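S.K.: Mind looking over this structure? Questions follow.
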Protein chains: 2
Amino acid sequence: MLLARQAYPKAPEPWIDLSTGINPICYPIPSLSAASWTRLPEENAVLALESIAASAYGARSAALTVAAPGTQALIELLPRLFPAKRVGILGFTYSEHAICWRRAGAVVETVAHLADLVSYDVAILVNPNNPDGRYVPVPDVLTLAEAMAARGGRLIIDEAFVDVLFEGASLVPYLPEAGAIVLRSFGKTYGLAGVRLGFAIAGLEDAALIRAAMGLWAVSGLALEVGSQALDDREWLKQTRESLISNAVRLDGLLRKAGLKGVGGTPLYRLVSTDDAALWFNRFAEAGILVRAFRDKPQWLRVGLPGDADEWALLEQRLTTL
Amino acid sequence: MLLARQAYPKAPEPWIDLSTGINPICYPIPSLSAASWTRLPEENAVLALESIAASAYGARSAALTVAAPGTQALIELLPRLFPAKRVGILGFTYSEHAICWRRAGAVVETVAHLADLVSYDVAILVNPNNPDGRYVPVPDVLTLAEAMAARGGRLIIDEAFVDVLFEGASLVPYLPEAGAIVLRSFGKTYGLAGVRLGFAIAGLEDAALIRAAMGLWAVSGLALEVGSQALDDREWLKQTRESLISNAVRLDGLLRKAGLKGVGGTPLYRLVSTDDAALWFNRFAEAGILVRAFRDKPQWLRVGLPGDADEWALLEQRLTTL
């Protein structure tokens, strides 16, 4: 936001930040116990959180579920734990996977079709995909994971945005599935990205490896407490999913009226196609609206959801003057 | 604490937990901004914290100062970043350094004299030492760092407990010193171990390496905000140092009266020598007092400070009935 303000000093305030896929309506921030602040995070609090997460995500056991200080920490860790020569990524997608595997020395290739992933040492599937929302159904993912495992490969499924897609969209209940590792994000759905919390769900051996590599006291006491409370609150998630879906539809309508064509997304962000995304990015920014453009996709813009009623009204008003 | 309760079910409640070296009087927990919870930690907030930390610690520049989610994360990281065959540790000391270097494949030796460290690829000095408080003055550390650098070695100084020792006890103002890396803990002094925050201060190149390895969004938004506020509050630290020192003296008196002989420590914990530490550990535990014993030091017990006036009174009363 600071950069946007500097680049577009004449844009009206307040800026409307639609550049992320983080839920703008966060889980109500609880008042935390003093112990969460003052004490080293205790092993049994980690186990309690992992047990709640396992239940919330439908994992068969807490032993398969590993808490981490954010999904990014896991994305950075996996190339160290599971060295691979050739890594295939179903693209176009979130760039951090490729960055981290390349940094670890792997040859990373982006493929266009799910079936092309099978021949790699490690394959990565962001599901639903960021930014276009492409969703690969569970049976197809399982078939791929099995085929890869048969060849000694490993499939990583980044389900950062699956929480709010629909009930039953996740692969987690079908684990352990040889070689499949699912990543789940806490911060996006619950709108608490500053807390740093995420999970890996994997087979027993891989989960134990990941847990050991995470190290001592990796997840903060604050994340343990707020994460346990939020993940245990199924009613909040259910209402949030419904409200995000109807808000996504509402945003689609506004974008369509502004002349932008919807081409996908998830309930947490919409993807639109334009003649010239750079031009539209500027147009948005000059109106004090920050969206996400992609260097390698000159026609795409990703637009997140506004937050409260005032921000919706402001967005609607500014979109009419674009 | 949970384990202690299970092991000593007849101990009186409430337990007095003196098993850590964490300040029992924490920095006043501020009410954090919503953005610290909801947004991904921003690069400029990290830079702001590093700048405040550099100033608080007396570092020559913020570029030398790297924020991390706790010192433990740094202790786990260093063996990956600076591979070494032979690692020397001035002992007896905090065990995590040896554990992490051994896990990375190094041969780790514990030495008894500072001068013995010079011949190692990497040497580790906990200063002041945990648990005995042995303090190596700055000129001696600098001489060692120079001698090691001349042989291509690297000296790591874990200053986890230096904040409250005395003004000028830290090596940080003398950095960069070729090959020297200083670790500083936030959670112990400020009593906020659940927040996960620590720092490495090193030469420009090493600091850049550590910063890159820490990865994206490694420090939570909550840690960035509370850390910036607390480290900027010099008056709190000054008063805390004075009060911890007088409390350490008070605790020494109580332990002496109970028949325990003081043999060192820092203002955050006292080390006592006994005929039989296991026996005394039990005696303490049966009185609902948890202290720290050491497997390899059968005569030592480390005793942390109690917190508020009620806990002091309770401790005093229970010590008389041991």
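S.K.: Using a 1.4 Å probe over the heavy atoms of the protein chains, calculate the carbon and sulfur portion of the accessible area of segment A:116-203 as a whole percent.
M.R.: The C+S portion of the solvent-accessible surface of segment A:116-203 is 52 percent.
S.K.: Further question: Filter the trypsin sites (Lys or Arg not before Pro) in segment A:40-87 to those in DSSP coil with at most 13 other Cβ atoms within 10 Å of their Cβ, and list the result.
M.R.: Passing both the DSSP loop test and the Cβ count: A:K85.
S.K.: Round to the nearest 10 and report in Å² the accessible area of A:D232, as given by a 1.4 Å probe over the protein chains' heavy atoms.
M.R.: Spelled out: A:D232, probe radius 1.4 Å, area about 90 Å².
S.K.: Quick one: Karplus J couplings for segment A:199-209, per residue in order, coefficients 6.51, -1.76, 1.60, θ = phi - 60°, nearest Hz, x for Gly and Pro?
M.R.: The phi angles translate into 9, 10, 10, 8, x, 3, 5, 5, 4, 5, 4 Hz.
S.K.: Right, something else. Name the residues whose placed amide hydrogens come within less than 5 Å of the amide hydrogen of A:G307, ignoring near sequence neighbours (fewer than 5 apart) on the same chain.
M.R.: So A:G307 has HN proximity to A:W312.
S.K.: By a straight-distance test (C-alpha under 16 Å), which aspartates and glutamates pair with B:K10 as possible cross-link partners, with residues fewer than eight away in the same chain excluded?
M.R.: Correct list for B:K10: B:E286.
S.K.: Give me a comma-separated list of calculated 3J(HN,Hα) values for segment A:303-308, in order, Karplus coefficients 6.51, -1.76, 1.60 applied at θ = phi - 60°, integers in Hz, x for any Gly or Pro.
M.R.: Karplus-based 3J(HN,Hα) across segment A:303-308 equals 10, x, 8, x, x, 7 Hz.
S.K.: Hey, another quick one. Can you give the Rg and Dmax of segment B:176-322 based on its C-alpha atoms, in angstrom?
M.R.: That works out to 19.1, 56 Å for Rg and Dmax.
S.K.: Then there's this: Give the accessible surface of segment A:187-322 per residue, rounded to a whole number of Å², with probe radius 1.4 Å and ligands, DNA and RNA excluded.
M.R.: About 42 Å² of surface per residue is accessible.
S.K.: So what's the back-of-envelope 222 nm ellipticity for chain B, counting only DSSP H runs of four-plus at -39500 (n - 2.57) apiece and dividing by all residues, rounded to 500?
M.R.: -12000 deg cm²/dmol
S.K.: Taking the Cα of B:W236, stepping 7 Å toward and past its beta carbon, and measuring to each backbone N in segment B:295-313: which are under 13 Å?
M.R.: Residues passing the 13 Å test: none.
S.K.: Can you find, among B:H97, A:F284, B:A7, the residue farthest towards the positive end of the dipole of the protein assembly as shown? Put +1 on the C-beta of Lys and Arg, -1 on that of Asp and Glu.
M.R.: B:H97
S.K.: Rolling a 1.4 angstrom probe over the protein chains, ignoring ligands and nucleic acids, what is the accessible area of A:Y94 in square angstrom, nearest 10?
M.R.: Per-residue accessible area (A:Y94): approximately 70 Å².
S.K.: Peptide B:219-226: average number of partner chain Cβ atoms within 10 Å per residue?
M.R.: 5
S.K.: Pop the C-beta distance of A:A34 and A:R103 into the FRET formula with R0 = 35 Å and round what comes out to the nearest 0.05.
M.R.: 0.30
S.K.: How long, wide and thick is segment A:59-136, going by the Cα atoms along their three principal axes, in whole angstroms, largest first?
M.R.: The Cα atoms of segment A:59-136 stretch 34, 29, 21 Å along the principal axes, largest first.
S.K.: Taking θ as phi - 60°, what are the ³J(HN,Hα) couplings along segment B:144-149 by the Karplus curve (6.51, -1.76, 1.60), each to the nearest whole Hz, with x for Gly and Pro?
M.R.: After applying 6.51 cos²θ - 1.76 cosθ + 1.60, I find 5, 4, 5, 5, 5, 4 Hz.
S.K.: Then there is this: What is the dipole size for segment B:126-185, taken about its Cα centre, with +1 at each Lys and Arg Cβ and -1 at each Asp and Glu Cβ, in debye to the nearest 20?
M.R.: 200 debye
S.K.: Across 20 Å bins from the origin, how do the percents of Cα pairs in the protein assembly as shown run, short distances first?
M.R.: 18, 48, 29, 5, 0
S.K.: Let me ask something else. Shielding by partners for B:186-194, please: the mean number of other protein chain Cβ atoms within 10 Å of each residue's Cβ.
M.R.: Partner-chain Cβ atoms within 10 Å, mean over residues of B:186-194: 5.
S.K.: With labels modelled as points extended 7 Å from the Cα through the Cβ direction, what inter-label distance (nm, one decimal) is found for A:L81 paired with B:R295?
M.R.: Going by the 7 Å Cα→Cβ label model, 2.5 nm.
S.K.: Tell me the angle of helix A:221-231 to the major Cα principal axis of chain A, expressed in degrees between 0 and 90 and rounded to the nearest ten.
M.R.: 80 degrees
S.K.: For B:E13 and A:E43, what does the FRET efficiency come to when R0 = 25 Å and r is the distance between their Cβ atoms, rounded to the nearest 0.05?
M.R.: 0.70
S.K.: Name the long-range amide H neighbours of A:F294: under 5 Å, sequence gap of 5 or more, or other chain; modelled H, no Pro or chain starts.
M.R.: Amide H neighbours of A:F294: A:W300.
S.K.: Between A:P83 and the same site in the other copies, what are the distances in nm, shortest first, taking label points 7 Å from Cα along the C-beta direction?
M.R.: In ascending order, 0.8 nm.
S.K.: Loop only by DSSP, 13 or fewer other Cβ within 10 Å of the Cβ. Give me the chymotrypsin sites (Phe, Trp or Tyr not before Pro) in segment A:139-197 that pass, ordered by residue number.
M.R.: Filter output for segment A:139-197: A:F166.
S.K.: Let me cross-check A:C100: its accessible surface, 1.4 Å probe, with only protein heavy atoms counted, in Å² to the nearest 10?
M.R.: 10 Å²
S.K.: Please report, as a whole percent, how much of the solvent-accessible surface of segment A:209-284 comes from carbon and sulfur atoms (probe radius 1.4 Å).
M.R.: Heavy-atom surface of segment A:209-284 belonging to carbon and sulfur, 1.4 Å probe: 53 percent.
S.K.: I would also like to ask the following. 7 Å from Cα along Cα→Cβ at both B:S273 and B:I25: what's the point-to-point distance in nm?
M.R.: 3.1 nm
S.K.: Something else: Can you return the lysines within cross-link range of B:K261? Criterion is Cα-Cα under 22 Å, with same-chain partners fewer than 8 residues away left out.
M.R.: Result set, ordered by chain and number: B:K297.
S.K.: Please provide three numbers in whole Å: the alpha-carbon extents of chain A along the principal axes, with the largest listed first.
M.R.: 56, 50, 34
S.K.: Accessible area lost on pairing A with B, both sides, 1.4 Å probe, Å² to nearest 100?
M.R.: Result for this pair: about 2800 Å² buried.
S.K.: Under 5 Å between amide hydrogens, which residues at least 5 positions from B:A180 or on another chain qualify, with H placed 1.01 Å from N in the peptide plane?
M.R.: Those lying under 5 Å, H to H, from B:A180 are B:L155, B:G203.
S.K.: Using packing as a proxy for protection, rank B:290-296, B:192-198 so that the peptide with the highest average count of other Cβ atoms within 10 Å comes first.
M.R.: In decreasing order of mean packing, B:290-296, B:192-198 become B:192-198, B:290-296.
The values are calculated or read from the model by the stated rules, or taken from the named source; none is laboratory data. Values in this document were obtained by computation on a predicted structure and should not be read as measured data. Every residue, glycine among them, receives a Cβ derived from its backbone with ideal geometry; neighbour counts consider all protein chains shown. Note: areas computed on protein heavy atoms with side chains; ligands, DNA, RNA excluded. Shrake-Rupley method; radii C 1.70, N 1.55, O 1.52, S 1.80 Å.
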